[in-house]
Each structure stands twice: as C-alpha cells, then as structure tokens.
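To start, the structure under review is shown below, and the notes come after it.
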Amino acid sequence: MKKVWVGLGLLLLLLAAGCGVQRHATKSSRASTSASSRQVSASQQTSSVPQTPLAKLKARSKDTLVYAPFGDSLSVGLFADKKTSRFTSLFTQQLGQLTGKTVTEAGIAEVGKTATNLGVPALSSLVAQQPDVVTIEFGTNDAVGGATPSALAAYHQALTTIVTTLQEKTTAQLILMTTWSPNNGPYAAADLKFDAVVKEIGRSYHVPVADLATIWQGHDDVTGPAGTTIPDFAANGPRDTFHPNQQGHDQIAALLIKTLEE
C-alpha cells in the first residue's frame, strides 16, 4: 500500500511539472507572437509613410534626370547675376546633389509669354524632351491684362491642359509655380487671383505648388536695383525692378527644393 502512495505521489509531481512546462511554453509562444506582431506593425507603419517627390526621384532606376523649366522670362533667368546662377540652373545643381544623379537642364522658356500663347502650343516639344521634372511657371504675363473672368477662365483652361497632357504623356514630377511680382507691384492684386487658379489646379491634379508670393510679398530686396547691365542678359536690357535679382533667384531655387521635400 505504501508503494502505491509513493507511486501516486511521483505521478502527481510529474503532472505538475508538465503543466508548468506547458504554461511556460504558452507564455513564451504568446510573447514571441506579440513581438512578431509588433515588428510587422512597425514595418507596415514604415511602408505606409508616403514618399516625398524628392525620394521618388532619387529612387528612379535611371542615373540621369532631365529637368525642363517651362515658362516665361522668370524661367529664362532675368535678372540673375549670370545664367549659371538663375533659379533653373541652381535647382538643377541642387537636385543632382540631393538625388546623387546627373541632372541635365532642357526646357522651354521665352520672355513675355503666357500659358495660352506658349504653354499649350509648345507641349509636344516639351514632351519630346522626355523630362523627369518640369516646373510650370506661367501666369505672370497672363495677369498683366487684369484678373477679368474671361482671362481667368482662359488661364484655367490652358493650365489644366498643360498639367493633364504632361501627366498623360510623361512620367515627370510636375511642380506648379505661382506668379511673380515686385512687392506692391502694379499687377500684384491680379497676380494673387491667378495664383488661386494655380493652387486649385494643384489640388485637383495632385501637383505640388511652389508659392512665389512667399518670396516677393512684403519683401523689397528680391528685385532690383534697376540699371545694372547683366552681361549674360544684355540682350534683354538692364536689370529692372520687376524681375527677381540674384537673391530672388536663390530663394526660388530653395523653395523648389523645399516643395519636393514635402
């Protein structure tokens, strides 16, 4: 009888030990599963963070990017200290440094032009350049006649055509740019109404907007002084009080980079 009790005691001890192991194993399994879940969750959160336009450009498989400024005298470069320091050239250099790629500058820009008399007609030529980045800078000359309903409607239609055509026929990262004015310039009130059209189209077609009013509005030091002849732009006359000076061009280039980083 004593042997039976001893046997039963040993059996109970073994059962208790087994339960302990099972409980420990269950806890370990739960801990492992929990840790794994946290890792997956963290991974999902990281992958769900949207890439910036700059990150997308950097991730492109090609080693060379084509930047195409599309616009009027601002994109021509009037009146930076020289062509190599106009905002388009500075943006090209900075984009190359930030992406680690070779960036070449192409584009189409002419003094005095608008979205309707250059932007739309030149679209096929711009598409043929196979751009990777396009800054769309029209509106400053469109606003010279005033912000009439017909002028705003024509601008809206032209700018929409430009954006949708480039989105359909290229893989370019587009950046819309608002109008340029000297502080309290003669067309500043009209410019801001044209800017509202730019921002509306940017929202509708998911295109980032570089708001140049943040540079010129309230700042007298980004234009002029008038009278200095810039050798690279001598054919366009001396520097005036309308177009950006070198400080203005520096700030435009910086704003474009900031826009790609957001």
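The values are calculated or read from the model by the stated rules, or taken from the named source; none is laboratory data. Worth saying up front: this structure is predicted, and the values here are computed from it rather than measured. When we count neighbours, we look across all protein chains shown, and the Cβ atoms used for this are built from the backbone with ideal geometry, even at glycine. Surface areas here come from the heavy atoms of the whole protein model, side chains and all, with no ligands, DNA or RNA. Shrake-Rupley method; radii C 1.70, N 1.55, O 1.52, S 1.80 Å.
Assorted remarks:
- Members of region 215-237 that are modelled with pLDDT of 95 or more, loosely packed, with under 13 Cβ neighbours inside 10 Å and not small (Gly, Ala, Ser): 220, 221, 225, 229, 231
- Filtered residue count, region 175-192, keeping only those that are in contact (Cβ under 8 Å) with a residue 40 or more places away in the chain and out of contact with any Phe, Trp or Tyr (no Cβ under 8 Å at 6 or more places or on another chain): 6
- Pairs with Cβ under 8 Å, 6+ apart, first in region 121-132 and more than 17 Å from residue 72 (Cα to Cα) and at pLDDT 95 or above, second among the hydroxyl-bearing types (Ser, Thr, Tyr) and part of a loop (DSSP other than H, G, I, E, B): 127/170; 130/170; 131/170; 132/171
- Here 212, 192 are screened, and the one residue that is out of contact with any Cys (no Cβ under 7 Å at 6 or more places or on another chain), open to solvent by 60 Å² or more (accessible area, probe 1.4 Å), at pLDDT 95 or above and of a type in the set (A, V, I, L, M, F, W, C) is 192.
- Residue-level analysis places residue 186 outside the set of residues that are modelled with pLDDT of 95 or more and not small (Gly, Ala, Ser).
- Residue in region 201-209 that is within 23 Å of residue 111 (Cβ to Cβ), open to solvent by less than 10 Å² (accessible area, probe 1.4 Å) and touching a helix residue (DSSP H, G or I) at 6+ places or on another chain (Cβ under 8 Å) present: no
- Residue count, region 238-261 (criterion: open to solvent by 70 Å² or more (accessible area, probe 1.4 Å) and among the basic types (Lys, Arg)): 1
- Within this structure, residue 242 passes the test of being within 12 Å of residue 78 (Cα to Cα) and of a type in the set (Phe, Trp, Tyr).
- So residue 164, is it among the hydroxyl-bearing types (Ser, Thr, Tyr), surrounded by fewer than 17 Cβ atoms within 10 Å (Cβ to Cβ) and part of a helix (DSSP H, G or I): yes
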